[in-house]
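J.: Encoded as structure tokens, here's the structure I'll be asking about.
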């Protein structure tokens, strides 16, 4: 399955209880209310299961914004 | 519409694609800002949640302020969990929060610094000890050892590190025993193939395997030396197919244990937490048709049911053996079946293939009444709280009915594959406890005696005549070291006659024995029908009042639900008051802390000559204090023959 940016945002909102929108995709992650670096590990597993593709974890962990996360996840 | 479709919070009963999952309901509560407000409902919401939903629920609940939940719901038992260890352990926190919520408990968690376990546990002044946690979890992973072996390494190098680490862990357990509070949890250290396979010869691999297991065996045995320590064996968890680690998280995030393993670890901790909080289940109520045997007795007849020999029969037989095994350790067994009574009894008495027999059960209710009514009656006759029952049935209808009508009951949903019955029953460690005592092994016999007592009672006109004929003998004595596990267990299992519901671990009781100001008395009782064993305890503490007089505080008074309301409590209290007076006490204080379950003893002290204390009474908030000036001590009821050894 292909992942759209909206899918990613919906996942974060529905599964982590965050409130993120297209307006916050370029914000630094640590400015997103409720964000925790621990979410990244969960997100990788979840995205890999959903898309059936392997994500480069080292780069993923270095991502600074949701836009960068999306970029690494769909590369 | 069937009954099960009306279940208010049980997602598995809701049926249909539109019904929101447990998790969706939880998200709705979160979005409405009601997670804290409706926390008591969450236990039932999560009763049927799968692994993924539980973890997701834990992530949401970890964001809720435990203090807000406690303020709104003071009755929800809260446990503080301190987590320390070697690797990155943050993912464990939501898993723990979710598991505790599932058992109706509230978790306050404290995560130590990365790789901080040695500092946290060796320094009695550390933040970890300051947290005063009920459970201190120290997670050990393979890197505890392999981070310290040289490159390249030999088996001898690993041996040396293992020896050092075991010594260190023993010291840490010792420090915890003297400086800590509650229970410390270690785990066996997994040995992943990525390490064994680095050795190319089988002889070295075998030696590494042997040394590693010897170290884990020593680790497991540490618990024998330190009563405050529990060592979780992770081998059976991994044998069920749980991976030790995920290579990328291991390498990049220093998360040396996989999320799946942490989730299973959290599940085991949930069971331990339930026992620490006094919520261990006590009775297993099982269905019969297609639960204990294959087929329907009413249709197939005694010769037609499967309990041995056939493929499915073997599976049912295996399940019966496990149920019997639980029963042998003090879990009360009951049967609830929609059947005629006599054919069911005949099967238990005469069927050659049955493992379970009539005397394995405290009660067999085979009739056509709704099961929730039978279960409620059973609880009443055993004088047990309905919340201490687990119910196992293959029928989704019956499971849904119990879940809806008696949401406090633990429900094990079996299905039409009997080979899975055993795993489903054991999955949730419903009956897990720190120690099984001699009392536990005799419990079924004790309850059988109780039912004879009830029949005997029915033959008397007045309760006073009955009590006189019962020939009650009570021994009130100072505690002995061998009774420590049983006294701790009484504080954990007793909910009704438990004046302050302070749960103690064996290490806490030991500390009381060694405290010269503490008084720990045990109550044994027996009557014409048998010995009730160690059925109660009184915990007191001597102190000096500001005015200089010496007084005794009764910090707790406990009596098993099997023996109260027969005058035993009054006789023991009278003996303690006389003892205090003889030792020069100016007064004795009794304390009562209300819980959802101990309302029956609310007026225990005032009924026995104590008067409520005014403001500034020597009691904690939420606890009522009563004072007895020892001027006039009520006489003990004369039908109780009391021997003292104080």
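J.: Given the options B:261, B:234, name the one that is surrounded by 19 or more Cβ atoms within 10 Å (Cβ to Cβ), at pLDDT 95 or above and within 14 Å of another protein chain (Cβ to nearest Cβ).
T.: Values: B:234 fails: within 14 Å of another protein chain (Cβ to nearest Cβ).
Being surrounded by 19 or more Cβ atoms within 10 Å (Cβ to Cβ), at pLDDT 95 or above and within 14 Å of another protein chain (Cβ to nearest Cβ) holds for just one of B:261, B:234, which is B:261.
J.: Which residue, of A:42, A:35, is buried (at least 17 other Cβ atoms within 10 Å of the Cβ), more than 9 Å from chain B (Cβ to nearest Cβ), closer than 24 Å to residue B:64 by Cα and modelled with pLDDT under 90? Spell out the reasoning first.
T.: Values: A:42 fails: more than 9 Å from chain B (Cβ to nearest Cβ).
Of the residues listed, the single one that is buried (at least 17 other Cβ atoms within 10 Å of the Cβ), more than 9 Å from chain B (Cβ to nearest Cβ), closer than 24 Å to residue B:64 by Cα and modelled with pLDDT under 90 is A:35.
J.: Condition check: free of Cβ contacts under 8 Å to residues at least 40 places away in the same chain and farther than 25 Å from residue B:93 by Cβ. Does residue A:59 satisfy that?
T.: yes
J.: Which condition number in (1) touching a residue at least 12 places away in the same chain (Cβ under 8 Å); (2) surrounded by fewer than 20 Cβ atoms within 10 Å (Cβ to Cβ); (3) on the phi < 0 side of the Ramachandran plot is the one that residue B:254 fails?
T.: (3)
Condition check ((1) in contact (Cβ under 8 Å) with a residue 60 or more places away in the chain; (2) crowded, with 22+ Cβ neighbours inside 10 Å; (3) on the phi < 0 side of the Ramachandran plot) across all residues:
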residue	(1), (2), (3)
B:535	no, yes, yes
B:548	no, no, no
B:553	yes, no, yes
B:559	yes, yes, yes
B:566	yes, yes, yes
B:569	yes, yes, yes
B:572	yes, yes, yes
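J.: Does residue B:579 satisfy the condition of being closer than 22 Å to residue B:463 by Cβ and surrounded by fewer than 19 Cβ atoms within 10 Å (Cβ to Cβ)?
T.: No; evaluated as a whole, the condition is false for this residue.
J.: Got at least one residue in the stretch B:586-602 being more than 29 Å from the chain's Cα centre (by Cα), within 24 Å of residue B:486 (Cα to Cα) and surrounded by fewer than 21 Cβ atoms within 10 Å (Cβ to Cβ)?
T.: Taking every residue of the stretch B:586-602 in turn, none turns out to be more than 29 Å from the chain's Cα centre (by Cα), within 24 Å of residue B:486 (Cα to Cα) and surrounded by fewer than 21 Cβ atoms within 10 Å (Cβ to Cβ).
J.: Just to be sure, is residue B:475 without any contact (Cβ under 8 Å) to a residue 40 or more places away in the chain, surrounded by fewer than 20 Cβ atoms within 10 Å (Cβ to Cβ), in a strand (DSSP E or B) and over 26 Å from the mean Cα position of the chain (by Cα)? Step through it out loud before you land on a result.
T.: Values: without any contact (Cβ under 8 Å) to a residue 40 or more places away in the chain: no; surrounded by fewer than 20 Cβ atoms within 10 Å (Cβ to Cβ): yes; in a strand (DSSP E or B): yes; over 26 Å from the mean Cα position of the chain (by Cα): yes.
Answer is no for this residue.
For (1) crowded, with 21+ Cβ neighbours inside 10 Å; (2) in contact (Cβ under 8 Å) with a residue 24 or more places away in the chain; (3) within 14 Å of another protein chain (Cβ to nearest Cβ), each residue gets a yes or a no:
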site: B:86; (1), (2), (3): yes, yes, no
site: B:93; (1), (2), (3): yes, yes, yes
site: B:102; (1), (2), (3): yes, yes, no
site: B:122; (1), (2), (3): no, yes, no
site: B:128; (1), (2), (3): yes, yes, no
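J.: Give the residues of the stretch B:33-53 that are under 18 Å from residue B:93 (Cα atoms) and within 13 Å of chain A (Cβ to nearest Cβ), sorted by residue number.
T.: B:35, B:51, B:52, B:53, listed by residue number.
J.: List pairs: first in the stretch B:315-341 and assigned to a strand (DSSP E or B), second surrounded by fewer than 17 Cβ atoms within 10 Å (Cβ to Cβ) and at pLDDT 95 or above, Cβ under 9 Å, 6+ apart or cross-chain?
T.: B:333/B:324
J.: Does the stretch A:1-19 hold any residues that are within 14 Å of chain B (Cβ to nearest Cβ) and either touching a residue at least 60 places away in the same chain (Cβ under 8 Å) or surrounded by 15 or more Cβ atoms within 10 Å (Cβ to Cβ) (or both), and which are they? Don't jump to the end; show me each part of the working.
T.: So the first thing to find is which residues in the stretch A:1-19 are within 14 Å of chain B (Cβ to nearest Cβ), and the list is A:10-19.
The answer is A:11, A:12, A:13, A:15, A:16, A:17, A:18.
J.: Right, here's the next one. In the stretch B:366-411, how many residues are surrounded by fewer than 18 Cβ atoms within 10 Å (Cβ to Cβ), closer than 23 Å to residue B:343 by Cβ and at pLDDT 90 or above?
T.: 7
J.: Exactly one condition in (1) buried (at least 16 other Cβ atoms within 10 Å of the Cβ); (2) touching a residue at least 12 places away in the same chain (Cβ under 8 Å); (3) within 12 Å of chain B (Cβ to nearest Cβ) is not met by residue A:73; state its number.
T.: Residue A:73 satisfies every listed condition except (3).
Yes or no, residue by residue, for (1) within 30 Å of residue B:495 (Cα to Cα); (2) free of Cβ contacts under 8 Å to residues at least 60 places away in the same chain; (3) in contact with a helix residue (DSSP H, G or I) (Cβ under 6 Å, 6 or more places away or on another chain); (4) crowded, with 18+ Cβ neighbours inside 10 Å:
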site	(1), (2), (3), (4)
B:209	no, yes, no, no
B:213	no, yes, no, no
B:220	no, yes, no, no
B:224	yes, yes, no, no
B:227	yes, no, yes, yes
B:246	no, yes, no, yes
B:270	yes, no, yes, yes
B:277	yes, no, no, yes
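J.: Within the stretch B:58-82, restricting attention to residues that are within 14 Å of another protein chain (Cβ to nearest Cβ) and in a loop (DSSP other than H, G, I, E, B), which residue is nearest to the chain's Cα centre (by Cα)?
T.: Step by step, filter the stretch B:58-82, then rank; the result is B:62.
J.: Another question, then. May I ask you to list the residues in the stretch B:533-568 that are in contact with a helix residue (DSSP H, G or I) (Cβ under 7 Å, 6 or more places away or on another chain) and over 20 Å from residue B:509 (Cβ atoms)?
T.: B:562, B:566, B:567
J.: So residue B:296 fits all but one of (1) at pLDDT 95 or above; (2) touching a strand residue (DSSP E or B) at 6+ places or on another chain (Cβ under 6 Å); what number is the exception?
T.: (1)
J.: Something else: Residue check, residue B:626 against (1) part of a loop (DSSP other than H, G, I, E, B); (2) over 19 Å from residue B:523 (Cβ atoms); (3) without any contact (Cβ under 8 Å) to a residue 40 or more places away in the chain, all met but one. Which one?
T.: Failing condition for residue B:626: (1).
J.: Does the stretch B:176-191 hold any residues that are farther than 15 Å from residue B:139 by Cβ and over 26 Å from the mean Cα position of the chain (by Cα), and which are they?
T.: Selection gives B:191 alone.
Each row is one residue, and each column tells you yes or no for (1) assigned to a strand (DSSP E or B); (2) out of contact with any helix residue (DSSP H, G or I) (no Cβ under 7 Å at 6 or more places or on another chain); (3) closer than 30 Å to residue B:78 by Cβ.
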position	(1), (2), (3)
B:571	no, yes, no
B:585	no, yes, no
B:588	yes, no, no
B:591	yes, yes, yes
B:595	no, yes, yes
B:621	no, yes, yes
B:630	no, no, no
B:641	yes, yes, no
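The values are calculated or read from the model by the stated rules, or taken from the named source; none is laboratory data. Every value quoted in this text rests on a predicted model; they were computed, and no experiment measured them. We place every Cβ from the backbone using ideal geometry, glycine too, and count neighbours over all the protein chains shown.
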